[in-house]
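The values are calculated or read from the model by the stated rules, or taken from the named source; none is laboratory data. Since we're looking at a predicted model, the values are computed, not measured. Cβ placement follows ideal geometry from the backbone for every residue including glycine, while neighbour counts extend to all protein chains displayed.
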Amino acid sequence: MKSATFVAEPFARVDYRSMRSPRGLVVLAVVGVILGLAACGSPADSAPAESPSVARSAEPVEPYGEPSPGPDAATIEDVMLEQARVTAHEYLVVVAFSRDGLINQMQIADGFPPDVSAEAVDALDVDWNEQALRAATQHLEGEPMTRDELVRLLTSEFGQYTIAQAEYAADHVSP
(Lines give C-alpha, C1' and ligand atoms only; values in the text may rest on other atoms or scores of the structure.)
Protein backbone atom coordinates (compact mmCIF):
# COMPACT_ATOMS: atom_id res chain seq x y z
CA MET A 1 0.00 0.00 0.00
CA LYS A 2 1.38 3.37 -0.98
CA SER A 3 1.18 6.02 1.72
CA ALA A 4 0.45 9.69 1.11
CA THR A 5 3.40 11.97 1.65
CA PHE A 6 3.52 15.67 2.40
CA VAL A 7 5.22 17.73 -0.25
CA ALA A 8 5.95 21.39 0.46
CA GLU A 9 4.93 22.66 -2.96
CA PRO A 10 2.04 24.99 -3.75
CA PHE A 11 0.18 22.47 -5.93
CA ALA A 12 1.31 19.16 -4.51
CA ARG A 13 -0.35 16.05 -5.83
CA VAL A 14 -2.29 14.06 -3.29
CA ASP A 15 -2.58 10.30 -3.55
CA TYR A 16 -6.34 9.90 -3.05
CA ARG A 17 -6.05 6.12 -3.12
CA SER A 18 -4.65 6.28 0.42
CA MET A 19 -7.89 7.90 1.55
CA ARG A 20 -9.65 4.59 1.00
CA SER A 21 -7.50 2.94 3.65
CA PRO A 22 -8.82 2.69 7.24
CA ARG A 23 -6.41 5.41 8.29
CA GLY A 24 -7.58 7.70 5.49
CA LEU A 25 -11.20 7.09 6.42
CA VAL A 26 -10.49 8.00 10.05
CA VAL A 27 -8.85 11.24 8.96
CA LEU A 28 -11.83 12.07 6.76
CA ALA A 29 -14.27 11.24 9.56
CA VAL A 30 -12.43 13.49 12.04
CA VAL A 31 -12.34 16.35 9.55
CA GLY A 32 -16.05 15.85 8.86
CA VAL A 33 -16.92 15.96 12.56
CA ILE A 34 -14.87 19.13 13.07
CA LEU A 35 -16.53 20.83 10.11
CA GLY A 36 -19.95 19.71 11.29
CA LEU A 37 -19.40 21.14 14.76
CA ALA A 38 -18.12 24.39 13.30
CA ALA A 39 -21.23 24.67 11.12
CA CYS A 40 -23.54 24.18 14.12
CA GLY A 41 -22.06 27.16 15.96
CA SER A 42 -21.94 27.73 19.69
CA PRO A 43 -24.99 27.54 21.97
CA ALA A 44 -24.83 31.31 22.39
CA ASP A 45 -25.34 31.70 18.63
CA SER A 46 -28.53 29.68 18.72
CA ALA A 47 -30.08 31.40 21.75
CA PRO A 48 -33.45 32.98 20.99
CA ALA A 49 -33.41 36.72 20.52
CA GLU A 50 -34.94 38.81 23.25
CA SER A 51 -38.59 39.45 22.64
CA PRO A 52 -39.55 43.11 22.08
CA SER A 53 -42.40 42.66 24.57
CA VAL A 54 -39.97 42.16 27.49
CA ALA A 55 -40.18 45.10 29.87
CA ARG A 56 -37.00 47.15 30.25
CA SER A 57 -35.69 48.57 33.49
CA ALA A 58 -36.56 52.20 34.15
CA GLU A 59 -33.03 52.89 35.44
CA PRO A 60 -30.66 54.54 32.97
CA VAL A 61 -27.64 52.47 32.02
CA GLU A 62 -24.22 54.14 32.20
CA PRO A 63 -22.45 52.90 29.07
CA TYR A 64 -19.01 54.22 30.00
CA GLY A 65 -19.01 53.75 33.74
CA GLU A 66 -16.62 51.50 35.61
CA PRO A 67 -17.85 47.92 35.58
CA SER A 68 -18.81 46.78 39.02
CA PRO A 69 -16.79 43.83 40.23
CA GLY A 70 -18.77 40.66 40.00
CA PRO A 71 -19.22 38.31 42.93
CA ASP A 72 -16.18 36.30 41.82
CA ALA A 73 -13.76 39.24 41.41
CA ALA A 74 -12.28 38.91 44.89
CA THR A 75 -12.17 35.15 44.52
CA ILE A 76 -10.15 35.36 41.30
CA GLU A 77 -7.63 37.69 42.94
CA ASP A 78 -7.43 35.39 45.97
CA VAL A 79 -6.84 32.36 43.76
CA MET A 80 -4.08 34.16 41.83
CA LEU A 81 -2.43 35.26 45.07
CA GLU A 82 -2.57 31.71 46.45
CA GLN A 83 -1.08 30.35 43.23
CA ALA A 84 1.70 32.95 43.49
CA ARG A 85 2.40 31.95 47.12
CA VAL A 86 2.64 28.29 46.16
CA THR A 87 4.91 29.13 43.22
CA ALA A 88 7.19 31.27 45.41
CA HIS A 89 7.41 28.50 48.01
CA GLU A 90 8.24 25.91 45.35
CA TYR A 91 11.05 28.09 44.01
CA LEU A 92 12.54 28.52 47.48
CA VAL A 93 12.47 24.77 48.10
CA VAL A 94 14.56 24.18 44.98
CA VAL A 95 17.05 27.05 44.94
CA ALA A 96 18.04 30.09 47.00
CA PHE A 97 16.56 33.43 45.95
CA SER A 98 16.73 36.97 47.21
CA ARG A 99 13.41 38.73 47.72
CA ASP A 100 13.82 40.87 44.59
CA GLY A 101 15.21 37.95 42.59
CA LEU A 102 12.20 35.79 43.48
CA ILE A 103 9.73 38.54 42.60
CA ASN A 104 11.45 39.05 39.23
CA GLN A 105 11.50 35.30 38.57
CA MET A 106 7.77 35.02 39.23
CA GLN A 107 7.03 37.93 36.90
CA ILE A 108 9.24 36.77 34.04
CA ALA A 109 8.89 32.99 34.19
CA ASP A 110 5.36 32.66 35.53
CA GLY A 111 3.69 35.86 34.35
CA PHE A 112 2.44 37.05 37.73
CA PRO A 113 1.83 40.81 37.98
CA PRO A 114 4.40 42.75 40.05
CA ASP A 115 1.99 43.53 42.90
CA VAL A 116 0.81 39.93 43.17
CA SER A 117 4.39 38.62 43.09
CA ALA A 118 5.51 41.02 45.81
CA GLU A 119 2.50 40.33 48.02
CA ALA A 120 2.94 36.56 47.67
CA VAL A 121 6.66 36.69 48.49
CA ASP A 122 6.09 39.01 51.45
CA ALA A 123 3.39 36.68 52.79
CA LEU A 124 5.94 33.88 53.18
CA ASP A 125 8.01 33.58 56.33
CA VAL A 126 11.47 33.67 54.72
CA ASP A 127 14.81 34.28 56.39
CA TRP A 128 16.58 36.17 53.60
CA ASN A 129 19.93 35.89 55.42
CA GLU A 130 19.59 32.11 55.26
CA GLN A 131 18.66 32.34 51.58
CA ALA A 132 21.82 34.38 50.98
CA LEU A 133 23.83 31.76 52.90
CA ARG A 134 22.34 28.97 50.75
CA ALA A 135 23.20 30.93 47.60
CA ALA A 136 26.74 31.53 48.84
CA THR A 137 27.19 27.82 49.56
CA GLN A 138 25.92 26.94 46.08
CA HIS A 139 28.25 29.46 44.43
CA LEU A 140 31.30 28.26 46.38
CA GLU A 141 30.63 24.64 45.41
CA GLY A 142 31.11 25.63 41.81
CA GLU A 143 34.09 27.95 42.16
CA PRO A 144 36.18 29.15 45.09
CA MET A 145 36.24 32.92 45.57
CA THR A 146 37.29 35.53 48.10
CA ARG A 147 34.88 37.09 50.57
CA ASP A 148 34.74 40.31 48.57
CA GLU A 149 34.07 38.44 45.33
CA LEU A 150 31.27 36.51 47.03
CA VAL A 151 29.66 39.69 48.40
CA ARG A 152 29.97 41.35 44.99
CA LEU A 153 28.35 38.33 43.32
CA LEU A 154 25.48 38.13 45.82
CA THR A 155 24.71 41.85 45.49
CA SER A 156 24.99 41.88 41.70
CA GLU A 157 22.01 41.88 39.34
CA PHE A 158 22.22 38.08 39.39
CA GLY A 159 22.01 37.71 43.17
CA GLN A 160 20.04 40.82 44.12
CA TYR A 161 20.69 40.38 47.85
CA THR A 162 21.19 43.40 50.07
CA ILE A 163 24.71 44.19 51.23
CA ALA A 164 23.78 43.15 54.79
CA GLN A 165 22.45 39.79 53.58
CA ALA A 166 25.51 39.18 51.39
CA GLU A 167 27.88 40.04 54.24
CA TYR A 168 25.96 37.75 56.60
CA ALA A 169 26.35 34.93 54.09
CA ALA A 170 30.04 35.62 53.52
CA ASP A 171 30.67 35.64 57.27
CA HIS A 172 28.78 32.41 57.96
CA VAL A 173 29.53 30.26 54.93
CA SER A 174 31.62 27.15 55.52
CA PRO A 175 34.81 27.02 53.45
| said: Testing VAL151 on (1) loosely packed, with under 14 Cβ neighbours inside 10 Å; (2) over 16 Å from HIS89 (Cα atoms); (3) of a type in the set (A, V, I, L, M), one condition comes back false. Which one is that? | reply: (1)
| query | Are there any pairs with C-beta distances below 8 angstrom linking a residue in the stretch 127-146 that is of a type in the set (Asp, Glu) to a residue that is at pLDDT 95 or above, with the two at least 6 apart or on different chains, and if so which? | reply | none
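Residue under question is ARG85, and the condition is that it be more than 14 Å from the chain's Cα centre (by Cα) and surrounded by fewer than 19 Cβ atoms within 10 Å (Cβ to Cβ); does it hold?
For ARG85, the condition - more than 14 Å from the chain's Cα centre (by Cα) and surrounded by fewer than 19 Cβ atoms within 10 Å (Cβ to Cβ) - is not met.
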| note | Conditions (1) surrounded by 19 or more Cβ atoms within 10 Å (Cβ to Cβ); (2) among the hydrophobic types (A, V, I, L, M, F, W, C); (3) within 29 Å of the chain's Cα centre (by Cα) -> PHE158 fails only (1)
| task | Any chance you could count how many residues in the stretch 88-112 are surrounded by fewer than 13 Cβ atoms within 10 Å (Cβ to Cβ) and closer than 16 Å to GLN131 by Cβ? | result | 3
